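> Have a look at this one.
The values are calculated or read from the model by the stated rules, or taken from the named source; none is laboratory data. Every value quoted in this text rests on a predicted model; they were computed, and no experiment measured them. Cβ placement follows ideal geometry from the backbone for every residue including glycine, while neighbour counts extend to all protein chains displayed.
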Amino acid sequence: MGRRYRRGPVRPERPEHRINRHIRFPQIRVIDPEGTVLGPMTPEEGRAVAREHGMDLVEVAPEARPPVCRVMDYGKFKYERSKQQTKTKQPELKTVQLRPKTDDHDLSTKLSRARRFLERGDKVRLVMRMRGRERGYPERWVRMLREHFSEHLADIAEIAGRPAQQGRAISMLVEPS
C-alpha cells in the first residue's frame, strides 16, 4: 500500500502592503497625500481621511511603532513601482559561440541572435573556438570576426573589446551603440 501525504491548508500569499481594512492595529500614524503627518489615530479615522480624498490607506512602515500609513492611490503606487523595477534592469553579458567552419547560414543565424541581444540592451561576447590546425592562423579568424561584425552588427553596435586570443578561442566584446 502506498504512502499518503497530508496536505495542509494552502496559505494565500501575503500582500506586499496592507491596505484599508487589512490594517488591524489599535493606533497608526497617518500621512496625507501631500506628505503632512496627521499624527496617531485609529485605523477607522485613517480610512475616513482616505475616503475624503478618494484614495486608499496604505501601510508603508509596518515595523515602526505605531505603524506608519499613507493616504495614496494604491493602484497608481503599484504601477509606478513596477515601472521602476523594470527600468533598473542591468544589461547582461551574452555569449555567442562560433567556429571557423561555421557555415554562412548558421553564422547569419548566430549573428541575428546577437543582434536581438544588442537591441535588448545586452552586451555580447563573440567567441570563435579553434581546434587543431585552425589554431595556427588566428589572424584569419580575427579578420573573419571583424568582417562579419561590420556586415551584420555595425549599425546597432560598436566594438568594446578588440578581438583577442585567449587560449583556444578568440573573443570580441560588442556593446549597443
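> Please enumerate the residues belonging to the range 102-118 that are among the β-branched types (Val, Ile, Thr) and either within 30 Å of residue 86 (Cβ to Cβ) or in contact (Cβ under 8 Å) with a residue 12 or more places away in the chain (or both).
109
> While we're on this one: Looking only at the range 116-127, count how many residues are crowded, with 17+ Cβ neighbours inside 10 Å and either among the acidic types (Asp, Glu) or over 15 Å from residue 146 (Cβ atoms) (or both).
4
> Just a yes or no: is a residue in the range 119-131 free of Cβ contacts under 8 Å to residues at least 40 places away in the same chain, of a type in the set (Gly, Ala, Ser) and touching a strand residue (DSSP E or B) at 6+ places or on another chain (Cβ under 9 Å)?
Looking for residues that are free of Cβ contacts under 8 Å to residues at least 40 places away in the same chain, of a type in the set (Gly, Ala, Ser) and touching a strand residue (DSSP E or B) at 6+ places or on another chain (Cβ under 9 Å), one finds none in the range 119-131, hence no.
> Go through the range 160-172 and count every residue that is over 17 Å from residue 110 (Cα atoms), within 30 Å of the chain's Cα centre (by Cα) and in contact (Cβ under 8 Å) with a residue 12 or more places away in the chain.
Residues that pass the stated criteria total 3.
> At pLDDT 90 or above, within 14 Å of residue 61 (Cα to Cα) and loosely packed, with under 14 Cβ neighbours inside 10 Å: which single residue out of 37, 30 fits that description?
After applying the criteria, what remains is 37.
> Here's another thing I want to ask about it. Does residue 85 satisfy the condition of being modelled with pLDDT under 90, surrounded by fewer than 17 Cβ atoms within 10 Å (Cβ to Cβ) and either in the same structural domain as residue 168 (by TED's automatic domain parsing) or not basic (Lys, Arg) (or both)?
yes
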